[in-house]
Structures are given as C-alpha cells and as structure tokens.
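First comes the structure, then the notes that go with it.
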Amino acid sequence: MASEPIVSLHLVNGQAYHFRDRAIMAEVAASWANRLVRRNAWSRIPDLRKTFASRCRYDLQRLCPELAQGEAFERLASAGLIEIRFLRPNSKIGWDIPWEFLLSSATENERESTLLVIRQLVCEKPGRDLRSGPQTLLVHKNNPGYLGRTYRDNSLKREEKVVEVHLGLRALTPLHNESLESTRRRIATASPDVIHVSGVDGKQAGKLAPQEAGLKFPSDSLIVTGENGDVAAATADLLAPALCAGASKPAFVGLNFVYSGADIAPAMVLNGAYGALGFHNDFDDIAAEVFYFNFYLAWRLSHWNLLDAFRLAWYQSSTRDNECLRGTGIVLWSRESLLDIECSRGSFDPSGVASPPADLLRGFEDELDKPIPQAERRNVKAFASPIEQINYSLLHNNKSLFQYFYIRKPQCVGSLKDLKVDVALHAGPDAMSYHTSGDLSGSIWPLDDIVRLPLTSTLARSLREITHTQLSVRVEWNGHTVFDRSFPVSLMPIEQWQNDAANRKWLPSFVLPRDPSVSGVIDSAQPYLTALADSIEAGFDGYQNAAVGNQVTAIWWALIGNLSLSYIGAPPAYGAEAQRLRSPSSVLKGRRGTCIDLALLLASCLEYIDLHPLLFLLKDHAFAGYYRKPESSKDVYEWMAELGDPDGDPWVLGADFHSTMMTLIDKGEIVPVETVGLTKKWGMKKAVDEAKEKLRLKGTFEWMMDVNLARDRGVTPLPLLEMN
C-alpha cells in the first residue's frame, strides 16, 4: 500500500502529482542547495546547464515516479502555473527543495512561455481572512552593530518610505534594530496587516563580521539586535512567532533578505500569516528591491490579489533582469490555494496564466508613467564611486568602471522623465566619454553595469607608464544638476597585469593567438609535426586529430630549434602584485622572457591551433598546459559547480581544486608543461614531468586558469597593435 503523499504538485487543469519519499526529498534538497549557491559559476556554461537540466528531470522522477510516464514534462511545460502543496506543514519536509528551479530547468526545452511556481502550506486552521484587504503597514528594519557600517540607516529609511508609498496603507511606527522580545511585544499590541522586513542574512553577516570576532551564523537567519545589545541570529522558529504575535495575523510578510524563502517565509504562514515572500538563495540587492516595489504597487492596484501581484512583479523582472533570475528562487507562500482561486475565476488559456492580467498591467504602467513634479528635484539622488586604478584589460573586457553608480528617484510613484548621464575619462586630448538619457520609473537606476567607455583613445591604447587623471560624472534632470563630480583615478599601462583578487582573472586576455608571430611559429613547426606523425598529411587541426600531443611537441621543438630563448626578469612595474607582460612578438623578437611570458607564448600557440590552453600560477612562478581532449574539461566544470568558490570567477580555480587537478593530471586529462624548459632546451617529456612535480607541492600551487572558459565568459585577447 502506497504511503500518504507529503507534497503534491498541482496544475491548472486539475492534474496532480504526488511526492512521498522523505529520504529522497532530503537528498535532493541537500545536493541542489550545494549547486545553486554556485550558480554564478555555471549558469552561463551551456554544457553544464544541459547537464543540470537533465539532473533536474532525473531528481523530479525520483521524487515522483509518475513523472517518468508519458508526456509528463510536456504537460508541466505547458501548464503556465504550478502550485506546490505541502500537506504536512509541521514536518517542514520539502520546504528547502528549490522547486522553482527544478521545474523551470527541467522543462526549459519544452516551454514556449513563462512557468510560474507558487507554494501553498496546507494548514488545519484557516488563519488570516484576506477578503477585507489590509489596512496597516509595519516596516521592520535591521542593521545592528557592525552591519550599520555597510547597510546605512538612511538606506533603510529610503526603503521604508518607498514601501509605504507603493502600498498606500496606514504606516505604523517602524521598528529599527529591536530585539526579538521587543518586536514581539510591539506586534502583539499593533497587529499590523502587512509587515515588510529588511535586513541582512546570516551568511552575509558572517562575511562582513570583523575577522577577530570569529562570528558565524546560520545562512537562513535574520541578524537582529540581541537581548544584550549585540548581534544575534533570528532563525525561523524565533522570528516567525515574534512577527505573528498579534491577535490578528498578518495578511502578508515581505522578507527582503536572502535565504529567507525556504524556511522563514513558510514559518510565517505556519504561524498564521496569509502569505509571505522570500528568496531561496542569493539574490542581487537592487533586483530584490525593484521586485518588491513592483510587487507592492501591483498588489494595491489588483485590490490585494497576491497571485496577480506576483505575476506582474515576476513579469517585470524577467523582462529586465533575466540574468539575475537564472538559478534563483523568488518564493511565494500562501495559506490558501491561490491556484484554486485562479481556477474559480472561470475559463482561461493555461499558456498565459503566468502573465499578469492585461488591465492590471495597463494600470501599473500608467501609474509609473506619471511625471514626477519638479518640486521633487531636491529628492533626486545619484551615488557614484569609481575604481581607483583603471586597467585597459578591465575596459577591454567590458567591466564596470565603478564600485557603484546609481540614481534614486524620490519616494513617490511616477517617472523621472529625461534623465541625462555623462561620464568622461580624461586620457589625453581625446577623452573617452559616455552619454545616455532615459526615464526612471522604478525606484532605482543602476548604472555601474551600463556605463562603458569607447576604447579609441590613443593614450589609453598606447600607455606604457602609470598616468594620473580624472573621471568626471554628471547627472541632470530637466535642466537641473543632480550630481557633478570629478574623481582622481590612475590609468595603468596596457601591458600591465595585476595579480590581485580583483584583477588576476584578466590574465587570459594576455593570451594572444592572433599575434602575427604565432602563425610564424606554427609554420616553422610543420616539419616537426610531419616527422613526429611520419606523414606528410599531418596538420595542426586541434582536437579533430587524436594526436594532440604530437602537435604540442612540434610547437615546442619549433620554439627550441628555431630560436634560442633565454630567461629574463620582468620589466619594472610600480605597485604591489603588478607585472609587465610581453606579447609573443616581443618575446620572439627579443628572444627572452619571464616564466609568465613563456607560459603566455605557448598558450597563445595552443589556442591558435584550437586547443584549450591552461595557465598555472604558483608562488613566484607560472607555466602553461592544456586539456588532452575537449571532454577533459567536464570534470573540472562539474567540480567548479559542486565545490568551487561561490564568489569566484569560474575560469580561475584555486587551492581547493588542487587534489582534483592532480587526479586529472595523473589520468592524463590535464597536461601541464614547464615552459621555462624552452630556455633550457628540455624535451617535452621532461617539461611535463617537471611541471607535474612542481604542482604536487600543494603549498606552492595557487591558481589554474582555463583560457577557453574565460573566452566563453567574454574575456578576450587584448588588441595586438597596442600589446606589440
């Protein structure tokens, strides 16, 4: 006899699928929590996305064998709206499974439109009745202790005012850095209808904590003021009873901090709230802010229909910030079935059920299109902070000039019409400049990832020494200056590479396969390849030919046999961890190079013949390498997705990768080459053996860089003329 279902999945056509195995649920939740925290590393790697989409299907079929039958996934893909129901709410089983991601990823190839996933906690008691609509709002702000240095009081105050304006409810006296007990007493007295919580999750708080404090908190917690005035972690079992302490339970609790969607949000519903919204994993701060403000305005305009508000906010975010949503979970929980309410409306097209109603969307857009009056100009704010050292490789790889740059509109509903933004980097007589104009209807316009400067300045492209200059930023609205400031910055030489946390990742830009000297090396290597292959038909055709080793060996002996390379120290560079790098043409013309110059030379030759080069960085040393075949990178990418640095760049693999790297080297999947051997006229076998031995010393290994993956992520070679 089959066990009773724990979780069920419901479609708009009445079809349902049931999940019964709690052990598999726990296993699936743990494995995907590990992967999704690293989603920035793998979400834009097509092969990994396909791999994980297949695993999503596999895991869903393990959870529910019925999904392996017939055209189950085609039905899910065309459903438009899916509701996950948790039938044993007190057990918490299945709460932490990223259902939103699993379903959207598993159906990605079949879907022609958006798939929206919502969650219902099926509780015995009815809880809050939402028919009368909410009347009061309480904003609960938290930046206790050292967190106030990063998350300022005025930022939380702005968020509070915008929430008030968008909801249009009677605002109660806000709570700011109250202890849980104080919060419980205030809410028990006030019984607010809507509670908006802003603050910092335990994971981020741990990162921001002073190192000497040694503070660690659960990720799925809100950091609040402790009873003794210090900082404390409020987990779901502490926070939810405090926020739902009123005799009348909240209609809605909005949790604007990450890791709040899988435990804290459903705990609010379990404690009596009608609905709650949170984030399953990491989420961009600005994208979260915009989502909430769209949601609150839509909720008011929809006459307090949670599903319609969620649909509209999701629609707005998915059309503007789709990259921010990939692999994430914005989780809406409700005590009542929103799907049943939707179905009771009557007939509808399932393919459009994830979209907001047309009349609501029109009303929403009309509200945001209203011009903000000139009287508010003093409340239009811009904030900017550029990076202090600007390297050409950073500009070349389309990265931001700013630590932050954004414009905030006044705390009112409407649009700032015709904002003008001008940025100029003064680099000789021909300054590099950027201009844009536009309307701001949302609460904030982030510009740091929009502003890009043209790379046509002669000075910037030929700079050989550090130059101190200025970056000018100006913002205007309706003829009024909002922001006008010049910042001192330093322009770094084009061939300078900075081996620090912020700039190390740009090293693949100094791998230059189109350098004219590289093709000459390949031409001179052809006789060596012919001899090694014992065939006149042998050619440099990369991975199309099984004899990859012969191609690399031929290049190696061409460099040794036709040139007499010697070792030389690095050119002078000014600044910690800075190094001036030579292009292949510079190395071959001067017949000398540093260890990293020689590594870049061989890597450039390998990329030219369509092999996938690697760069190995050790303490005070570097050399090159390559994947023996294209599939050799699969284990590397899977390690990166499962165990890599969640905050790192996927092509830069650090000390934690060492044991996996050595396993792949011993299997022959990764081939390192000690490129200083070019100056000592070593054979290829000796160069490989020397590189292996040096890499076995775990204490000296620092980084392995995958040049091909860097290219996939937009890190391209620097312009040849300037490097030469």
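Each value in this text was obtained by applying a stated rule to the coordinates, not by laboratory testing. It should be emphasised that the depicted structure is a prediction, and the values quoted were computed from it without experimental measurement. In this analysis, Cβ positions are derived from the backbone assuming ideal geometry, glycine residues included, and neighbour counts consider all displayed protein chains.
Computed over the alpha carbons of region 491-612, Rg followed by Dmax gives 15.8, 52 Å. Pairs of alpha carbons in region 439-538 separated by more than 16 Å make up 78% of all such pairs. Given 37 °C and 0.692 mPa s, how large is the Stokes-Einstein diffusion coefficient of region 251-302 in µm²/s, with Rh as the Kirkwood radius over Cα pairs? Answer from the Stokes-Einstein relation: 289 µm²/s. Applying a DSSP loop filter and a limit of 12 other Cβ atoms within 10 Å to the GluC sites (Glu not before Pro) in region 575-631 leaves 577.
What translational D, rounded to a whole number of µm²/s, comes out for region 497-723 from Stokes-Einstein when the hydrodynamic radius is the Kirkwood one over Cα pairs, at 25 °C and 0.890 mPa s? My calculation gives 140 µm²/s for D.
Can you give the charge dipole size of region 1-79 about its Cα centre, rounded to the nearest 20 debye, using +1 on the beta carbon of Lys and Arg and -1 on the beta carbon of Asp and Glu? Write out the running numbers ahead of the final one.
Details: 12 positive and 8 negative charges, 100 e Å.
My answer is approximately 480 debye.
Peptides 137-150, 300-313, ordered by how many other C-beta atoms sit within 10 Å of their residues on average, highest first, read 300-313, 137-150.
So, counting K/R as plus one and D/E as minus one, what does the shell of residues with Cβ under 14 Å around residue 193 add up to?
On the way: positive: 128, 131, 170, 249, 300; negative: 129, 164.
Surrounding charge for residue 193 is +3.
Could you pull out the trypsin sites (Lys or Arg not before Pro) across region 547-610 that fall in loop regions by DSSP (anything but H, G, I, E, B) with no more than 14 other Cβ atoms inside 10 Å? Could you put the intermediate results ahead of the total?
Numbers: sites: 580, 582, 589, 591, 592; in loops: 582, 591.
Those satisfying the criteria are 591.
Of all beta bridges that DSSP places with both ends in the chain, some 70 percent have antiparallel geometry. Semi-axes of the equivalent ellipsoid of region 383-424 are 28, 11, 8 Å, computed as sqrt(5λ) over the eigenvalues of the C-alpha gyration tensor in descending order.
Would you calculate a helix-derived [θ] at 222 nm for the chain, using -39,500 (n - 2.57) for each DSSP H run of n ≥ 4 and dividing by the full residue count, to the nearest 500?
Details: 27 runs with 265 residues, N = 724.
So the calculated ellipticity at 222 nm is -10500 deg cm²/dmol.
Averaging over all projection directions, the Cα-based convex hull of the chain occupies 35.5 nm² in the image plane.
Diagonalising the gyration tensor over the Cα atoms of region 7-121 and scaling each eigenvalue by 5 before taking the square root yields semi-axes of 21, 18, 13 Å, largest first.
Each label point was placed 7 Å from the Cα along the Cα-to-Cβ direction; for residue 173 and residue 485 their separation is 3.5 nm.
What dipole magnitude, in Debye to the nearest 20, does region 182-252 give about its Cα centre under +1 on Lys/Arg Cβ and -1 on Asp/Glu Cβ? Display every interim value, and only then the final one.
Working: 7 positive and 7 negative charges, 29 e Å.
Computed charge dipole of region 182-252: roughly 140 debye.
State the percent of C-alpha pairs, over all pairs in region 136-330, separated by a distance greater than 27 angstrom. Value for region 136-330 (Cα pairs over 27 Å): 22 percent.
If you take the alpha carbon atoms of region 372-522 and fit the smallest convex hull around them, that volume is 129 Å³ per residue. The residue list 310, 699, 414 was ranked by how far each Cα lies along the charge dipole of the chain toward its positive end, using unit charges on Cβ atoms, and 699 comes out on top.
How about region 355-409: which trypsin sites (Lys or Arg not before Pro) there lie in a loop by DSSP and see at most 13 other Cβ atoms within 10 Å?
Numbers: sites: 362, 377, 378, 381, 399, 408; in loops: 399.
Of the trypsin sites (Lys or Arg not before Pro), not one in the loops of region 355-409 has a Cβ with at most 13 other Cβ atoms within 10 Å.
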